[in-house]
Amino acid sequence: AQSVSQHNHHVILSEAASLELGCNYSYGGTVNLFWYVQYPGQHLQLLLKYFSGDPLVKGIKGFEAEFIKSKFSFNLRKPSVQWSDTAEYFCAVRGPGRRALTFGSGTRLQVQP
Amino acid sequence: GAGVSQTPSNKVTEKGKYVELRCDPISGHTALYWYRQSLGQGPEFLIYFQGTGAADDSGLPNDRFFAVRPEGSVSTLKIQRTERGDSAVYLCASSLRPSGGITGEETQYFGPGTRLLVL
């Protein structure tokens, strides 16, 4: 079955540490890829997206993600996290011929000051 | 401009009751999606509308769930004979129809959700 996997369920980092959250998907063909973030008490917000072109995508708040087609991955990175990055992060994929998104189960990031 | 809005923000009901959840999409957005998010999980697709018609309802779990969008804007998700397992956050998202058809670029914007608790 087509799926999206986020292997890190809960990540705890200190401020200024580097972040990498994994996302793998099982779709073949052309996909659109997204990372959404949900800050405590807030709704899902788009962090960044990939449709085509340069596989290194830059988003808001210093986040970036790299699409590696051969690995079916779209990992999220940030060189130096801040306490305000504490949130839940969701990877989502729009598979070929579909409009709906398939989400991973999310990664809860806790940044300690 | 205004984002996607959903009402109510919280709904508590008893097992067996009927509930309606409302979604107001971003003005001008032609596509509208409903997702359900259970505790500790990512959102799961339920149904999507392009205009007034349900273009894909493959995610609806059973026939107790139904959604309408009669004028192509506001949508209502209806759940009959609620069960405790229906407890979740119900999310709505909207988007502009992608210019490239089904393979075009499209970004979905999410509302705050309705937290449904079935006792």
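The values are calculated or read from the model by the stated rules, or taken from the named source; none is laboratory data. Because the structure is a prediction, the values reported are computed rather than measured. Note that each Cβ is placed from the backbone with ideal geometry, even for glycine, and that neighbours are counted across all protein chains shown. Quick note on the areas: whole protein, heavy atoms, side chains included, nothing else; ligands and nucleic acids left out. Shrake-Rupley method; radii C 1.70, N 1.55, O 1.52, S 1.80 Å.
Quick notes
- For chain B, a crude dipole built from +1 on the beta carbon of Lys and Arg and -1 on the beta carbon of Asp and Glu, taken about the Cα centre, is about 440 debye to the nearest 20.
- The charge dipole of the protein assembly as shown, taken about its Cα centre with unit charges on the Cβ atoms of Lys, Arg (+1), Asp and Glu (-1) only, comes to about 260 debye.
- Set of aspartates and glutamates with alpha-carbon distance to B:Lys17 below 12 Å, sequence-local pairs under 8 removed: B:Glu83, B:Asp86
- 17 Å cut-off, amide nitrogen to a point 7 angstrom out along A:Ile68 Cα→Cβ, residues in the range A:23-45: A:23-27
- Accessible surface, the range B:37-110, averaged per residue in Å² (probe 1.4 Å): 48 Å²
- Residue among A:Phe67, A:Ser14, A:Gln38 farthest towards the positive dipole end of chain A, charges placed on Cβ: A:Phe67
- Accessible surface for B:Thr52 stands near 80 Å², nearest 10, in the context of the full protein assembly shown (1.4 Å probe).
- Only protein heavy atoms count here, probed at 1.4 Å, and on that basis chains B and A bury about 1800 Å² of accessible area in total.
- Rounded percent of accessible protein surface that carbon and sulfur make up, the range A:52-113, 1.4 Å probe: 55 percent
- Residues B:Arg81 and A:Leu46, FRET efficiency given R0 of 25 Å [Cβ-Cβ distance, rounded to 0.05]: 0.10
- Gyration tensor verdict on the range A:4-112 (Cα atoms; rounded if a/c is under 1.5, prolate if a/b is larger than b/c, oblate otherwise): prolate
- Candidate cross-link partners of A:Lys61 among the lysines, defined by an alpha-carbon separation under 23 Å and a same-chain spacing of 8 or more, comprise A:Lys49, A:Lys78.
- Cα-based shape type of the range A:42-92, given that a ≥ b ≥ c are square roots of the gyration tensor eigenvalues and the cut on a/c is 1.5: prolate
- Placing +1 on each Lys and Arg Cβ and -1 on each Asp and Glu Cβ, with no other charges, gives the range B:4-59 a dipole about its Cα centre of roughly 220 debye.
- Among B:Ser38, B:Ser73, B:Ser94, the largest mean-square fluctuation in a Gaussian network model of chain B (Cα springs under 10 Å) belongs to B:Ser38.
- FRET efficiency, A:Ser26 to B:Lys15 (Cβ-Cβ, R0 35 Å, nearest 0.05): 0.45
- Inter-chain Cβ neighbour count for B:108-117, averaged per residue, equals 3 (cutoff 10 Å, partner chain atoms only).
- A 1.4 Å probe run over chain A, with the rest of the protein chains in place, finds 46 Å² accessible per residue.
- Delta accessible area of at least 50 Å² on complex formation, residues of the range A:19-46, 1.4 Å probe, chain isolated as reference: A:His43, A:Leu44
- Length released on extending from B:Glu71 to B:Glu105, taking residue separation times 0.36 nm less the Cα-Cα span: 9.8 nm
- Residues A:Ser14 and B:Asp57, FRET efficiency given R0 of 45 Å [Cβ-Cβ distance, rounded to 0.05]: 0.45
- Computed with a 1.4 Å probe on the full set of protein chains, the accessible area for B:Glu14 sits at about 110 Å².
- The range A:1-102 - percent relative contact order, Cα under 8 Å, separation 6 or more: 35 percent
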